Each structure stands twice: as C-alpha cells, then as structure tokens.
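> Here it is, the structure, as structure tokens.
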Amino acid sequence: MTHDVDPKPMSRAAAILYAIIAPLSLMALIFLPAGRIGWCPGWVFLAVVVAAFGLSALVLARVNPVIFRARSRFQPGTKTWDLFLVTGILLAFAAEIPVAALDAGRMGWSVVPLWTVLLGYILLAGSIGVTAWAQAVNPFFEPGVRIQSERGQRVITSGPYGIVRHPGYTAAIAMFTGIPLALGSLVALLPAALAIALLILRTGWEDRLLQAELPGYADYARERRYRLFPGIW
C-alpha cells in the first residue's frame, strides 16, 4: 500500500537565496565573457529569460504549486546513472551561455542574421511554455529519474503527454538549441549538441525504466509511439 507523500518544500532562506543567486549567476555568465556590461543583446536575453520564467512560475503557482517541491531537489531513490547524466547535461548546458557571450559579445566568431536570432527566441520562449505546460499537468515532474512509489506515481496522459511521452525533454532540446541562436552564436551550438546527445541517451534509459517498473506505462507507450518527436522518435 502506498501513500501520497509530497516532497518537503525548500526552506524560506534557501528560496530567497536561490532567487538572488540565480539572476546574478546568469548575469555573470553573460557579461563576464562578453567583457562589457553594456552588451545590449545580453540584456535583451536576460530580460526575456527572466520574464518568461517568471510568468511560467506565476501560472504554476496557481495550477500546480506542488511542482515547486518536486523540482526543488533530487529525491532519495534517484538512479545513480541519472545523476551522472544530469551532471553532464547541466555542465554542457551551462557552457552554452558563456561560450555564446564570448563569441557574439567579444570575439565575433559567428555571423548570425536577425532571422536566426528571432528563431532562437521563438525556440527559447516555446520551450519554457511547453515545459510549464508539462509541469502544470504532471505533479511527478522531478529533476531526477526514479519511481515515485511513495507519492503514488501514475501515468500522465493529458496535455503534451498526449502527443509525446517526454515533452519536457522535447522542450529542453528546443531550449538548448534556442539559447545560442538567441545570443547570436553558432559556436555555442557545440556544447548544445553535447547536452542534446546526453539528453537523448537519458530519454531512452528513463523510458525503459518506466516501461519495466511503472504500472500502466507500457500500455501508454504502445498508444503513444513517439518519445520526443512525433513521426520521428
């Protein structure tokens, strides 16, 4: 018999610290490699990211506030292999912004037309929107891969899960691709490609785990054939 037990919330002090450190860290990743605080594309990027994530947080606070607890930390039982994969994904992802800022803000290695930058922002904003949509309908949207038996985990089939089995990862791929383009860098697509490759590997491993251990997921997988991209995979 299982009981639905939500994760413990982040402490108030930790939440305040995160709210302060996150934007300051993002500013450092943008403007230190660019070499100048007055780099306008960096400020546009920062404004879009803060506004988009802020809006998604406000929506989620109304429709699925428990998601903030679920996403606050890796929970006990997270697979060891996933911790290694997530570390690699996060390191590659974190490298995108400073590499892009160094390229577009200081060195000028890439020549990126305006339409490519706009495409990057479309991918970035769309990825944040799809992620919020997935989190709104899925209370089990955690940062780590595990079977959440203590929370009574069940298969989610509504929202974007009616289209692909891992919409959060689809959105992440769009984000990994969109960030370098939005900042005007082609060089930063290299760490993006590494992050995407590791994420695709994670998708396959997680899907096998869910089919083997989460009741009802194998049937869901037969009904929803595609993991990330409709008609492709």
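The values are calculated or read from the model by the stated rules, or taken from the named source; none is laboratory data. From a predicted model like this one, the values you see are computed outputs, not experimental measurements. Every residue, glycine among them, receives a Cβ derived from its backbone with ideal geometry; neighbour counts consider all protein chains shown. All accessible areas refer to the heavy atoms of the entire protein, side chains included, with ligands and DNA or RNA removed. Shrake-Rupley method; radii C 1.70, N 1.55, O 1.52, S 1.80 Å.
> Which residues, taken from segment 140-160, are more than 16 Å from the chain's Cα centre (by Cα) and not polar (S, T, N, Q)?
Scanning segment 140-160 gives 146, 147, 150, 151, 152, 154, 155, 156, 159.
> Something else: Being over 17 Å from the mean Cα position of the chain (by Cα) and of a type in the set (Val, Ile, Thr): is that true of residue 49 here?
no
> Another question, if that's okay. Looking at segment 145-166, can you tell me whether even one residue there is under 24 Å from residue 87 (Cβ atoms), part of a helix (DSSP H, G or I) and of a type in the set (A, V, I, L, M)?
no
> Any residue that is assigned to a loop (DSSP other than H, G, I, E, B) and over 18 Å from residue 104 (Cβ atoms) - is there at least one of those in segment 170-186?
No, the conditions are met nowhere in segment 170-186.
> Oh, and also: If you check every pair at least six apart or on different chains, which have Cβ atoms under 8 Å apart with a residue in segment 108-137 that is in contact (Cβ under 8 Å) with a residue 24 or more places away in the chain and under 20 Å from residue 157 (Cβ atoms) first and a residue that is open to solvent by 50 Å² or more (accessible area, probe 1.4 Å) and hydrophobic (A, V, I, L, M, F, W, C) second?
Pairs found: 132/59; 136/59; 136/63.
> In addition: Could you pull out the residue among 158, 149 that is out of contact with any Lys or Arg (no Cβ under 9 Å at 6 or more places or on another chain), exposed (fewer than 15 other Cβ atoms within 10 Å of the Cβ) and touching a residue at least 24 places away in the same chain (Cβ under 8 Å)?
Unique residue meeting the criteria: 149.
> Kindly list the number of the only condition in (1) free of Cβ contacts under 8 Å to residues at least 12 places away in the same chain; (2) crowded, with 21+ Cβ neighbours inside 10 Å; (3) not acidic (Asp, Glu) that fails for residue 195.
Unmet condition: (1).
Matching residues to (1) at positive phi; (2) aromatic (Phe, Trp, Tyr):
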| residue | (1), (2) |
| --- | --- |
| 153 | no, no |
| 159 | yes, no |
| 176 | no, yes |
| 190 | no, no |
| 221 | no, no |
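> Taking segment 177-192, which residues are touching a residue at least 60 places away in the same chain (Cβ under 8 Å) and either open to solvent by 10 Å² or more (accessible area, probe 1.4 Å) or over 19 Å from residue 49 (Cβ atoms) (or both)?
If the condition is that a residue be touching a residue at least 60 places away in the same chain (Cβ under 8 Å) and either open to solvent by 10 Å² or more (accessible area, probe 1.4 Å) or over 19 Å from residue 49 (Cβ atoms) (or both), then 181, 184, 186, 187, 190, 191 are the ones that fit.
> Please verify whether residue 198 is more than 12 Å from residue 173 (Cβ to Cβ) and at pLDDT 95 or above, treating the condition exactly as stated.
no
Residue-wise test of (1) open to solvent by 70 Å² or more (accessible area, probe 1.4 Å); (2) under 14 Å from residue 175 (Cβ atoms); (3) hydrophobic (A, V, I, L, M, F, W, C); (4) out of contact with any Leu (no Cβ under 8 Å at 6 or more places or on another chain).
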position	(1), (2), (3), (4)
57	no, no, yes, yes
77	no, no, no, yes
88	no, no, no, no
98	no, no, no, no
108	no, no, no, yes
125	no, yes, yes, yes
